[in-house]
Structure formats: C-alpha cells, structure tokens
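Just so it is clear, none of the values below were taken in a lab; they were calculated from the coordinates. Since the structure is predicted, the reported quantities are computational estimates derived from the model, not experimental observations. Cβ: placed from backbone, ideal geometry, glycine included. Neighbour counts: every protein chain shown.
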Amino acid sequence: MNELWENIATNVVFVVEFLLLMAAMFVIAYVFEKISKKRRGDTTRILTTRKVAMIGMLSAIAAVLMLIEVPMPFAPGFYKLDLSELPILIGTFAFGPVAGVMIEMVKIILKVLFKGTSTAFVGELANFIVGCSLILPASIVYSFKKDKKHALIGCIVGTLCMTIVGTGFNAVYLLPKFAEMYGMPLDALIGMGTAINPNITGITSFVILAVAPLNLIKGTLNSVVTFLIYKHISPLLKAGNQ
C-alpha cells in the first residue's frame with residue numbers, strides 16, 4: 001500500500017489526467033444512456049440498488065480475469081491478452097453504458113489495490129480507455145434495439161473502435177508518456193518491438209504490427225463469448241432489478 005501511495009505522489013499529474021479521462025468516459029456514457037432511455041420512453045433510474053450490487057460482482061470477476069494475462073508472440077512483454085472485458089461487456093449490455101464504465105473503473109481500482117502498478121498507471125489508463133472504446137460503442141448500438149442482430153453489430157463496431165482507438169491512443173499518448181515517466185527514449189520502446197518483428201521500425205509500425213492485432217484479438221474474443229452466452233445469463237443478471 002505504501003508503494004501505491006508513493007506511485008501516486010510521484011505521478012500526481014498523470015493520476016489527475018487519468019481521473020479526468022475517467023470523468024469524460026462517465027459523461028459520454030451518461031449522455032448516451034439518457035438519450036437512449038428517453039427514446040425508448042424508459043423512466044427507470046440509471047442506477048438501482050441491484051445494479052450497484054451487480055456492478056460490484058462483475059467488477060470483481062473482471063479484476064480476477066485481468067490478472068490472468070497471456071503474452072502475445074508479436075508484441076513486447078508489456079502487452080498481454082486478458083479477458084477482463086468479458087464481464088464488463090455483459091454488464092454493459094444488461095445494465096447500460098454507465099454501469100459498464102463503472103465496472104471498468106472498479107476493476108482498475110481493485111487491480112491496483114491488490115497488485116499495484118508496474119507501469120506507473122500508464123497500463124491501467126490504457127486498459128480503461130481501450131476497454132471503454134469497446135463497451136461504449138457496443139452498448140450504444142445495442143440500445144437501439146435489444147436483439148441478437150444489434151448485439152452482433154454492436155460487438156463488431158465495438159471491436160473495430162477498440163482496435164482503432166487503442167492503436168491511435170498508444171501512438172499519440174500512451175507510449176510517449178510511458179517513455180517519459182520511465183525516463184527512457186521512445187526509441188528504446190520501439191527497439192523492444194523491433195527485437196520481435198524486424199518490420200517494426202518506428203512508432204507507426206509499432207502500433208500497427210503490435211498494438212492493433214492485440215486489440216483486435218482481444219475485442220473479438222470478448223465479443224464472441226459475450227454474443228454466445230449473454231442471452232442465457234441476462235435473465236439471471238436482471239432478475240428483480242427495479
């Protein structure tokens with residue numbers, strides 16, 4: 001815990017940026033959920049007692065899944081595959097985008113509390129933003145009509161958004177920030193990619209050949225499993241929701 005507070009104190013500006021980006025995701029989710037509810041004539045509250053309980057449960061499952069990471073042969077070791085977006089995407093379909101962003105946030109908090117951070121919070125920010133870029137578009141599409149067709153379209157749109165946003169965000173912000181916070185040249189990070197794939201020669205080829213495939217695989221796996229099981233478990237999740 002002391003190490004966690006030291007990390008926060010050392011990287012206070014970045015932590016503030018992290019919190020502001022989290023707040024932005026909440027605002028986006030809230031606006032789209034309000035619009036969706038108004039269009040459907042739904043007057044229920046965005047958050048209910050049962051929803052909050054489900055958010056806690058799904059966050060805990062997501063945090064555990066986040067700890068189970070599989071390295072990818074085409075990317076440096078700090079990029080790994082996990083299925084933590086699976087319970088989040090399920091929760092977002094069941095309870096809306098605000099709940100989805102909350103599950104993403106609580107997942108990150110739980111992970112940091114129990115495992116700490118090895119990337120000065122850069123990895124956690126990446127996971128949060130990239131995760132939201134999957135669940136928000138998917139849930140927005142699904143909200144137009146809650147059937148299998150729109151669930152499938154939502155998953156496809158979400159996966160594509162996740163791939164594009166994850167690739168661009170890494171290139172423009174995350175990788176330069178990671179290099180800055182660790183006091184290392186960006187070329188050193190790129191060199192880690194070059195060691196795996198000689199075709200990686202700069203930041204653009206790095207994100208295209210390492211980051212984009214990872215996010216595409218991650219989004220596809222989480223989406224396929226969600227699409228296959230959601231309708232079977234959604235009645236259990238929503239039972240008694242008032």
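See the values below:
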{"quantity": "Segment 144-154, residues that are within 14 Å of residue 94 (Cα to Cα) and within 19 Å of the chain's Cα centre (by Cα)", "calculated": "151, 154"}
{"quantity": "Count of segment 40-73 residues which are under 30 Å from residue 205 (Cβ atoms) and surrounded by fewer than 15 Cβ atoms within 10 Å (Cβ to Cβ)", "calculated": "5"}
{"quantity": "Residues located in segment 109-143, provided they are more than 12 Å from the chain's Cα centre (by Cα) and of a type in the set (Ser, Thr, Tyr)", "calculated": "117, 118, 119, 139, 142, 143"}
{"quantity": "Segments classed as helices (runs of 4 or more DSSP H), wholly inside segment 137-242, with at least 2 members that are touching a residue at least 60 places away in the same chain (Cβ under 8 Å)", "calculated": "148-169, 175-181, 186-196, 212-238"}
{"quantity": "The lone exception for residue 153 - which of (1) closer than 25 Å to residue 44 by Cβ; (2) in contact with a Pro (Cβ under 7 Å, 6 or more places away or on another chain) it fails", "calculated": "(2)"}
